[in-house]
Amino acid sequence: MNAWLAALAFLLFGPLFGALLAGIDRRLTARMQARQGPPLLQPIYDVLKLLEKDTLVVTLLQGLYLWLFLFFMIGAGLILFTGGDLLLSLFALTVSGIFLCLAADATNSPYSHLGASRELMLMMAYEPMLLITALGFYLTNHSFRVSEILEANAWQPFQLFGILLGFLFVLTIKLRKSPFDLSTSHHGHQELVKGLTTDFSGHHLALVEVGHWYENIILLAWIYLFFAPWGPWLALPIALILFFLEVLVDNTHARLTWSNTLKASWWVALGFGTTNLFFLAWWLR
Amino acid sequence: MWSIAPLILLPFVASIAVLRAPDAHTRDRRVKGWSITLIVITLLVGIGSGLGSSEHALYALPHWLQVLLDGLFHLAGLLLAGVLLYLCRRIKGREWYIPALILVQTGILFLAETAAPPPRVEHPFAIDPFAILMALIIGVVGGLIALHAVPYMRDYHGHAPGVPDRRNGFYAMIFLFLAAMFGVVFANQLHWLFVFWEITTLCSFWLIAYPGTEEATRNAYRALGFNLIGGVAFAVALLWLTMGPGPHTWALDRLVGAGHLALLPAALIAIAGLAKSAQLPFSSWLLGAMVAPTPVSALLHSSTMVKAGVFILVKLAPVFHGTLAGLSLALIGGLTFVLTSLAAVNQRNAKPVLAYSTIANLGLIVMCAAVGTAEALWAAILLILFHALAKALLFLGVGSIEHLIGSRDIEDMEGLVYRRPELAAMFLIGIMGMFLAPFGMLLSKYTSLQAFLSMDLLPGEGALLAAILAFGSGPTLFFWSKWMGRLVAKPHRLQPITTPPPRDEQLVLGSLTALTALSCALFPLIELGFAMPYTSGLAALGLVPVQTMAIPWESVGIMTLMLGGLFALPLAFWLRPPSYLETTPYLSGANVGEDSYRGAMGSERLAVSHGYYLTGFFAERTLMRLGVLGALVLGLGMLGGSL
């Protein structure tokens, strides 16, 4: 019963909270740059406006891929929030990401193609670390099930400290923040226009935005899982603080090249993730 | 017992029938007829034994038959050596080592048979659920490939007029190959198994050399040479089992039952398995093998040859379980998995991509087999099945695409979704089947991750192997998605629609697609019907620890839902396509035509972009050199650890 409620809550309120996170993100960014910034609900206004606009497409098929992107994104969230299998949720998230790339690839614009190629590069960069994170949870709880991870022992955040650091590192990529915003370039660097999303408009762009709101919530939930044994009153604020630390990183770093991104994230996955995994396996034996 | 006799004999008879066909028409009809018969018989035997729940049954033969067959196999062994030596007549310079290996191998075998009386094997044949599943893969996938080969080879000779038409021999070799594979799977007598093993080497050599070009000949010799290195190791194992201090037996079940006492002969046979399944340091022969016509590649990569290698490794798993030699073997697989996945990123040609991906996935299977817990063996068995299905589909698909567009370059496949939607859809399912949820390969990877993490052998071993898997997944995802991106891209110039592939080709591709797509449904079926009975049989014999975990049904349910969405959304889209205004892509406002822009000097330029191949970032050659070196060290570690 609880699981169904959680699923329903994620489905209905997920995008709402995701939009709020995006709004706070924009406000914080503005304040860091000594600007006033848009209202908190601006992301929602944006999407409502997009829905009123005409949708132009390069090929009709791009809509199909975008719907599949949203379908698997929501699927990933539902598995996570119903207490299901963390690894399966991660797999669904991967499928979702690949369909976004396919949507960009389906158009024949070099800007979109470049964005899609770079997005794939980023996926290659963060995938090992995300998998290692799931593996770490398995080692501390002997299960991939989120419902069992929620009841982990209180030492979990310390046991998984290296993995947490690694996860936060690749989270920057996953949120497409600077220094890793290679595929979409949020800050108006002109060489990519808007990368991945260059050729989406109207309904389609709105769909991508809503997908990202869901994604924000899913990623926040991942951070929450690390601290879950401390109870929601402690874990949620910590998760939020860590989430918004990414905004600070975003505003204080210049963009890296893809090769540096790839190298850096694999070294982090190796240095923090694998080492942590190794010690955990040794220790919990 | 007698149910397996037709499996070995039928393709053998088919081989002779096809070879002796008087004209092309009769031959093609015979190939079709025999393939379909083979598929049906295999299915009947498979289902029949599945219902009979024959767990690890051993079979003895009447004395006279055994003596007769013993004699026959000795003769066949000698004959084989003779044929191989005869085939070496076209070797060049550095390939002198090949006849030398043949002589060494024959000499060692002769020594093993004469110097001491070879041990008598009471049960020359064995059937277990894993062998039945392998037989199903060989018969059904192999049969489908033979069926696909008939129209394909007709086209092939149309496209390549320089290649001498030796199709009678070609189809005969394919059937002989299948017969030998059935022999490898069911033989319990190691010497007989070895003869079958060497027949597959011979067949692969002949098939790779089929185009008759200089390149094909050289690559065929490389395949022969590398597999003979494995063959020599196998022969040494037989010698050790005859004269060595360890177990004195030529029966595979006794060898496996001897556990760690049999570590050295098992390690030697494992070398033969690694060579056959193209693991580092032997992997280059499989890449060279792609010069052969596509059905040959499909056969080598999916249901035969490389699968024989991992089959024997899975069989030997209880010996390696929990040893340092086993860890070295697992690391060879892991090294191969990561390095070849990276190397595949570099490739622009479809066939090397598929070849590297095969080698990588076999590396994963080797990791699972070397670990040898019940869960890891499930993962290995499931990987073998799902890889065979998806890879056969992909190779045959590349063959059909090549005949349509005249190229194997991934970049040239741009826009296939618009040019041949049904072919593209089948091909996309094949690609997704290799690495994405909710298809079988990914579920098998899930099982192997869980298996690695839940074993308690050497400290940290599981974590190490799981991390290797995580790192290999990144590049795997990259090179497959890049290829998918090309297929779905809107083509710059819509090429005229060509004739569809022949009906038989479509039929075969369609059945393989259905089998790949059904993997969610197949998954529990295979697990309950084959993988679990196999490991519980081993557990009953005390060879592996009893398994404690099963795939939760909930996960299978979720996967099924995902699969439903994956098919329902395109269906809905097809039934009610949205009506949006189509426009040209964004080209900074400098568009001229559909997808061209006004360049410098006012000229019109086509906006073209290509995928990333990262050749400047890491190079295939360096990776492979590194891999060969690492695998040699690990191989020495494996042999050293088993002493």
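The values are calculated or read from the model by the stated rules, or taken from the named source; none is laboratory data. The structure displayed is predicted, hence computed values, not measured ones. Note that we place each Cβ from the backbone using ideal geometry, even for glycine, and neighbour counts take in every protein chain shown.
One residue alone among B:Val184, B:Val236 is closer than 25 Å to B:Val18 by Cα, buried (at least 21 other Cβ atoms within 10 Å of the Cβ) and not polar (S, T, N, Q), and that residue is B:Val184. Given the criterion closer than 30 Å to B:Gln279 by Cα and among the β-branched types (Val, Ile, Thr), identify the matching residue among B:Thr560, B:Thr622, B:Thr583. On inspection, the qualifying residue turns out to be B:Thr622.
For the range A:236-285, name all the residues that are of a type in the set (S, T, N, Q), over 28 Å from A:Ala34 (Cβ atoms) and surrounded by fewer than 20 Cβ atoms within 10 Å (Cβ to Cβ).
Result: A:Thr257, A:Ser259, A:Asn260, A:Thr275.
Scanning the range B:559-593 for residues that are out of contact with any helix residue (DSSP H, G or I) (no Cβ under 6 Å at 6 or more places or on another chain) and of a type in the set (Val, Ile, Thr) returns B:Thr583, B:Thr584, B:Val592. Scanning the range B:561-595 for residues that are more than 10 Å from every other protein chain (Cβ to nearest Cβ), surrounded by 15 or more Cβ atoms within 10 Å (Cβ to Cβ) and part of a helix (DSSP H, G or I) yields a count of 1. Selection within the range A:54-68: residues that are surrounded by fewer than 18 Cβ atoms within 10 Å (Cβ to Cβ) and within 19 Å of A:Leu196 (Cβ to Cβ). The member of this set that is nearest to the other protein chains (Cβ to nearest Cβ) is A:Leu56. B:Pro524 passes every criterion in (1) part of a helix (DSSP H, G or I); (2) closer than 24 Å to B:Leu335 by Cβ; (3) at pLDDT below 90 apart from (2).
Among A:Gly83, A:Gly77, which is modelled with pLDDT under 90 and more than 7 Å from chain B (Cβ to nearest Cβ)? Even if it seems obvious, please write down each step before you answer.
Details: A:Gly77 fails: modelled with pLDDT under 90.
Result of the check over A:Gly83, A:Gly77: A:Gly83.
Would you check if B:Leu377 is surrounded by fewer than 24 Cβ atoms within 10 Å (Cβ to Cβ), assigned to a helix (DSSP H, G or I) and in contact (Cβ under 8 Å) with a residue 60 or more places away in the chain? No: the conditions fail for B:Leu377.
Among the residues of the range B:133-163, the one identified as among the β-branched types (Val, Ile, Thr) and at pLDDT below 90 is B:Val163. Evaluation of A:Asn216 against the conditions (1) in contact with a Gly (Cβ under 7 Å, 6 or more places away or on another chain); (2) within 12 Å of chain B (Cβ to nearest Cβ) shows that the sole unmet condition is (2). Annotation note: Cβ proximity below 7 Å between a residue of the range B:551-571 that is within 19 Å of B:Ala531 (Cα to Cα) and a residue that is assigned to a helix (DSSP H, G or I) (sequence gap 6+ or interchain) occurs for B:Ile551/B:Thr447; B:Ile551/B:Glu527; B:Ser555/A:Leu88; B:Val556/B:Cys520; B:Val556/B:Phe523; B:Val556/B:Pro524.
Could you list, in sequence order, the residues of the range B:250-262 that are in a loop (DSSP other than H, G, I, E, B) and more than 15 Å from B:Thr114 (Cα to Cα)? I'd like the intermediate steps shown before the answer.
The first filter runs over the range B:250-262 and keeps only residues in a loop (DSSP other than H, G, I, E, B), leaving B:250, B:258.
Hit for the range B:250-262 is B:Ala258, nothing else.
Taking the range A:1-88 and the helices (runs of 4 or more DSSP H) fully enclosed by it, the elements with 3 or more residues that are without any contact (Cβ under 8 Å) to a residue 40 or more places away in the chain and either over 21 Å from the mean Cα position of the chain (by Cα) or more than 25 Å from A:Leu102 (Cα to Cα) (or both) are at A:2-32, A:42-52.
Under the condition of being surrounded by fewer than 14 Cβ atoms within 10 Å (Cβ to Cβ), hydrophobic (A, V, I, L, M, F, W, C) and at positive phi, the residues counted in the range B:596-643 number 1. If you check B:Leu190, B:Leu239, B:Leu263, B:Leu252 for being aliphatic (A, V, I, L, M), over 21 Å from B:Leu541 (Cβ atoms) and at pLDDT below 95, only one passes: B:Leu239.
In the set (1) of a type outside the set (D, E, K, R); (2) more than 9 Å from every other protein chain (Cβ to nearest Cβ); (3) farther than 14 Å from A:Leu205 by Cβ; (4) surrounded by fewer than 23 Cβ atoms within 10 Å (Cβ to Cβ), the condition left unmet by A:Phe71 is number (2).
With the range B:390-459 as the region, which helices (runs of 4 or more DSSP H) entirely inside it contain at least 1 residues that are within 24 Å of A:Leu131 (Cα to Cα)? Reasoning before the result, please.
Working: elements: B:416-419, B:421-435, B:440-453.
Passing ranges, in order: B:421-435, B:440-453.
Scanning the range B:210-220 for residues that are surrounded by fewer than 22 Cβ atoms within 10 Å (Cβ to Cβ) and not in a helix (DSSP H, G or I) yields B:Pro211, B:Gly212, B:Thr213.
Within the range A:113-137, the set of residues being in contact (Cβ under 8 Å) with a residue 24 or more places away in the chain, at the interface with another protein chain (Cβ under 7 Å from one of its Cβ atoms) and not aliphatic (A, V, I, L, M) comprises A:Glu127, A:Pro128.
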